[in-house]
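The values are calculated or read from the model by the stated rules, or taken from the named source; none is laboratory data. Quantities reported herein were computed from a predicted structural model and do not represent experimental measurements. Because the Cβ atoms are built from the backbone with ideal geometry, glycine has one as well, and the counts that use them run over all protein chains shown. Each accessible area value is taken on the protein alone, full model and side chains, heavy atoms only, with ligands, DNA and RNA left out. Shrake-Rupley method; radii C 1.70, N 1.55, O 1.52, S 1.80 Å.
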Amino acid sequence: MGSVRLLRTPDDRFTDLPDFPFEPRYAELADPHGGVIRVGYVEAGPADGPVVLLLHGEPSWSYLYRKMLPVLAGAGLRAIAPDLVGFGRSDKPGALADHSYARHVEWMRGFAFDALDLRDVTLIGQDWGGLIGLRMVAAEPSRFARVVAANTGLPTGDVDMPPVWHSFREAVQKAPVLDVARFVQSGCRSSLSAAERAAYDAPFPNEMYKAGPRAMPSLVPYRPDDPASEANRAAWKTLTELDIPFLVAFSDGDPITAGMAPILRRSMPGAQGLEHPVIAGAGHFLQEDAGEELAGHVVRFVRG
């Protein structure tokens, strides 16, 4: 695959975002396929605090963590929320073929470890944030102190995804215009305001910028012979031999990932003996529906 054609969302798309006063920061990655990719992120809390890395999923961006960042920062944690490449303020590879599961793992690994040199990290991964983050933990476990899995998993394609996920994948593939805010709203129990919906749409001025959100559903390994299946099986093997403390903090209202919670609780050595919260009244995007509550569980986990 040759060098990637990158798009960059104009800064004025991000003015006056409700409840998101965080100063944008940027890290530059050397892409192994050529060129430099800029990753946008926000940070809150003391620079010397315990590091919490908050990884979002499809089709959101770090704005999803706006309710959690102040709680984590207030507890003395250094909370870092990057935008996946193709999302938020990060550069956007313009072609669907530029996106692969392996590339997204490498981009976030490069951000966290090469650019920021983060250590003793507590990972919070939701949706694709877990699919990517758990691969990072398996690859470099010495960098991580803890894991919080929130409405996520690490699919290998050996077990079929639920019907609601297949419907979502098809809807994303077939939509002539991808309504990002509508998809975020459909994963929430609470109602987003018009300004909040606009904030989720902000990274994507037009269809040209949406290769990331368009590509992600088809990159989930949902068949045993998927290109990413073998790497995820290998990651499972590593993760189930690690004793890193592992908190499973799922909502009670996510039909996409619900089946993963008991598997993670049962399979991860670091999950044994912990009290795993089930967050009531929240949907797939539990950061929207119960962000402060989830952040409270994270603080107790880190400080406990």
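The modelled label-to-label distance for the pair ALA139/ARG300, using points 7 Å beyond Cα in the direction of Cβ, is 3.4 nm.
Annotation: amide H of LEU247 within the under-5 Å range of VAL147, VAL148, ALA149, sequence separation 5 or more or interchain, hydrogens built in the peptide plane. Going toward the positive end of the dipole of segment 116-254, with +1 on Lys and Arg Cβ and -1 on Asp and Glu Cβ, which of GLY253, GLY157, TYR209 do you reach last? So the residue we want is TYR209. Fully extending the segment from ALA175 to ASP12, taken as 0.36 nm per residue of separation minus the present Cα-Cα distance, adds 56.0 nm.
In the chain, what is the count of Lys pairs whose alpha carbons are under 29 Å apart, counting only pairs at least 8 residues apart or on separate chains? Number of lysine pairs found: 5.
Along the chain, the exposed loop sites are GluC sites (Glu not before Pro) outside DSSP states H, G, I, E and B with at most 14 other Cβ atoms within 10 Å, and the longest stretch free of them is 1-240.
Taken one residue at a time, the phi angles of segment 32-39 give Karplus couplings (6.51, -1.76, 1.60, θ = phi - 60°) of x, 8, x, x, 10, 10, 9, 10 Hz. Gly and Pro are set to x. Here's how it looks for THR152: its modeled amide H is under 5 Å from those of ASP127, which are all 5 or more places away or on a different chain.
Roll a 1.4 Å probe over the protein chains and send me the accessible area per residue for segment 1-119 in Å².
On the way: 4410 Å² over 119 residues.
So segment 1-119 comes to 37 Å² accessible per residue, rounded to a whole number.
Selection among PHE183, LEU219, ALA231 by position relative to the dipole of segment 161-248 gives PHE183 as farthest towards the positive end (Cβ unit charges, Cα centre).
Report relative contact order for the chain in percent, whole number only (criteria: Cα-Cα under 8 Å, sequence separation at least 6). Present the calculation step by step, with values, prior to reporting the outcome.
Numbers: 617 pairs, mean separation 62.4, N = 304.
Relative contact order of the chain: 21 percent.
Once the Cα-Cα distance is subtracted from the 0.36 nm per residue extended length, the ASP117 to VAL36 segment shows a gain of 27.4 nm. Fully extending the segment from VAL159 to ASN206, taken as 0.36 nm per residue of separation minus the present Cα-Cα distance, adds 13.4 nm.
Phi-derived couplings, Karplus 6.51 cos²θ - 1.76 cosθ + 1.60 at θ = phi - 60°, listed residue by residue for segment 278-289: 10, 8, 7, x, 10, x, 4, 8, 5, 5, 6, 7 Hz, with x used for Gly and Pro.
Of the labelled figures [x] 20; [y] 9; [z] 6, only one reflects percent of Cα pairs over 37 Å apart as derived from the coordinates, namely [z].
Rounding to the nearest 20 debye, state how big the charge dipole of segment 1-107 is about its Cα centre with +1 on each Lys and Arg Cβ and -1 on each Asp and Glu Cβ. Each step should come with its number before you reach the end.
Working: 11 positive and 14 negative charges, 23 e Å.
About 120 debye.
Evaluating 6.51 cos²θ - 1.76 cosθ + 1.60 at θ = phi - 60° for every residue in segment 250-260, the Karplus couplings come out as 9, 7, 9, x, 10, x, 6, 10, 3, x, 7 Hz, glycine and proline recorded as x.
In a simple Cβ point-charge model (Lys, Arg +1; Asp, Glu -1; nothing else charged), the chain has a dipole of about 180 debye relative to its Cα centre.
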